[in-house]
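*Asks:* Let me give you the structure first, and then I'll get to my questions.
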Amino acid sequence: MIGVTVLGATGSIGVSTLDVLGRHRDRYRVVALAAHSDVERLTEQCRAFHPELAVMADADAAQRLRERLRGIDTAIEVSAGAEAVAHAAAHPAAQTVMAAIVGAAGLLPTLAAARAGKRILLANKEALVMAGRLFMDEVRAHGAQLLPVDSEHNAIFQCLPSVRSGGLAAMGVSKILLTASGGPFRDTPLTELPAMTPAQACAHPNWVMGRKISVDSATMMNKGLEVIEACWLFDTAAEQVQVVLHAESIVHSMVEYIDGSILAQLGSPDMRTPIAHALAWPERLESGVRRLNLFDVATLHFAAPDLARFPCLALAYQAMERGGTATAVLNAANEVAVQAFLEERIAFTAIAAVVEATLSDVPARAAVSLEKILEDDAHARAVARDTVARIGR
Ligand code: NAD
Ligand code: MG
């Protein structure tokens, strides 16, 4: 039996992960579940999976969970707070950790899993965007294993040779082709973009996801974060990563080789495929995903992204080029801006403006330590909040 901890259990990825785990109870056992404050859902998950440990980052929520579980399963330990979440990530009974907390809050717990030498199924791309080099160093130093769950990175992983020695060039790879749907506003007239609402931004044409990543998909900051994620995961430069608009979200990404071959991974847009792949690799696991019918799909489209429509994508490339803590600044400013947009304090198009202003106001430094990274993250959040207050409605 393989013990699994799920960080961000109540979110979109967390729920899909438990769906896959529930199909293979003979093989996987849930050791710990952690989430922010959704007591209702975590109670249900505890009832279904009986973990050893359940953690709520929010202390009041943890107290309510404790009361709820009294009548269900008194053997489940309940703990509270950010440190308890990081503790769960290093739980000795789990070999595998699903890192699916959204945003910067996922960094410390995911690092804790790396330091405990776990097999990490990485959904929380923000951890790599904030602290790529440091995180990859910790993974190596502690013999942890990193398996990408982000559908594009999981696709790239699947299209690379199974025996890996040296970098991409040594494997004969000439380019990574990172596909992007373009989100809900890919065809919206540019003049209408400022008036787009959170509900419209969260209505993704192909994927059902959490609200933050849905807005990131609408601005294409998500693709920018994924370019940075790909650079760290596959040890390559941003110039080697080409974004390809692909409206159908059927090809999840591709790898181009020097002999002219392009390998692609295709499938229904359902996160249970990359989750099952990362869980079982190098084996395969039934995931519950509807089989792709190529006759129904029939046609696939590919196009170059329009940087005037998606300024956030260009900002992410700029931050990666600048290096050091610039990507942590980008991520922090984006989190503040997306939150402000979701709370209807700024317009959709102001998200890019807030990120751009923050990047120009906060100088990047070498990302030599976690402390420096977290200092610049905090500085960027303060600057971004000021900009939101100035330009907000
Ligand atoms: P979501 O908003 O649906 O869920 C987020 C989860 O994180 C929830 O369980 C929430 O309780 C938990 N959480 C938030 N703050 C926390 C904190 N401070 N401490 C502990 N737990 C906390 O988000 P999601 O769509 O599931 O995305 C999760 C991560 O996976 C993100 O980093 C996202 O970029 C990435 N991802 C998601 C998808 C997708 O299809 N949803 C695809 C690729 C990558
Ligand atoms: Mg993705």
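*Asks:* Go through Leu225, Leu178 for me and flag whichever is of a type in the set (A, V, I, L, M, F, W, C), under 17 Å from Leu128 (Cβ atoms), within 16 Å of ligand 1 (Cβ to nearest atom) and part of a helix (DSSP H, G or I).
*Replies:* Just one listed residue meets the conditions, Leu225.
*Asks:* Report yes if some residue within the stretch 332-341 is under 19 Å from Met221 (Cα atoms) and touching a Gly at 6+ places or on another chain (Cβ under 8 Å); otherwise report no.
*Replies:* yes
*Asks:* Restricting attention to the stretch 98-116, report how many residues are within 16 Å of ligand 2 (Cβ to nearest atom) and farther than 19 Å from Ala278 by Cβ.
*Replies:* Counting residues in the stretch 98-116 that are within 16 Å of ligand 2 (Cβ to nearest atom) and farther than 19 Å from Ala278 by Cβ gives 1.
*Asks:* Do we find a residue being buried (at least 18 other Cβ atoms within 10 Å of the Cβ), under 27 Å from Arg393 (Cα atoms) and touching a strand residue (DSSP E or B) at 6+ places or on another chain (Cβ under 9 Å) anywhere in the stretch 250-267?
*Replies:* no
*Asks:* Here is a follow-up. Check whether at least one residue in the stretch 11-24 is more than 23 Å from Ser151 (Cα to Cα) and away from ligand 2 (no atom under 16 Å from the Cβ), and report yes or no.
*Replies:* no
*Asks:* Sticking with this one: Report those helices (runs of 4 or more DSSP H) wholly inside the stretch 274-390 carrying at least 3 residues which are under 19 Å from the mean Cα position of the chain (by Cα) and farther than 24 Å from Leu178 by Cα.
*Replies:* Where helices (runs of 4 or more DSSP H) fall fully within the stretch 274-390 and carry at least 3 residues being under 19 Å from the mean Cα position of the chain (by Cα) and farther than 24 Å from Leu178 by Cα, they are 326-342.
*Asks:* Would you please name the residue that is farthest from Gly324 (Cα to Cα), looking only at residues in the stretch 228-255 that are assigned to a strand (DSSP E or B) and within 11 Å of ligand 2 (Cβ to nearest atom)?
*Replies:* So, considering only residues that are assigned to a strand (DSSP E or B) and within 11 Å of ligand 2 (Cβ to nearest atom), the one farthest from Gly324 (Cα to Cα) is His252.
*Asks:* Do you know which residues across the stretch 207-226 are within 11 Å of ligand 2 (Cβ to nearest atom) and more than 13 Å from Ile13 (Cα to Cα)?
*Replies:* Listed by number, the residues that qualify are Asp216, Ser217, Asn222, Lys223, Leu225, Glu226.
*Asks:* Follow-up. Looking only at the stretch 25-50, count every residue that is in a loop (DSSP other than H, G, I, E, B) and either farther than 22 Å from Pro92 by Cβ or within 24 Å of the chain's Cα centre (by Cα) (or both) and tell me the total.
*Replies:* Qualifying residue count for the region: 4.
Each reported figure results from applying straightforward, stated rules to the coordinates on display, with no laboratory input. Nothing here was measured: the structure is a model prediction, and the numbers come from that model. Cβ: placed from backbone, ideal geometry, glycine included. Neighbour counts: every protein chain shown.
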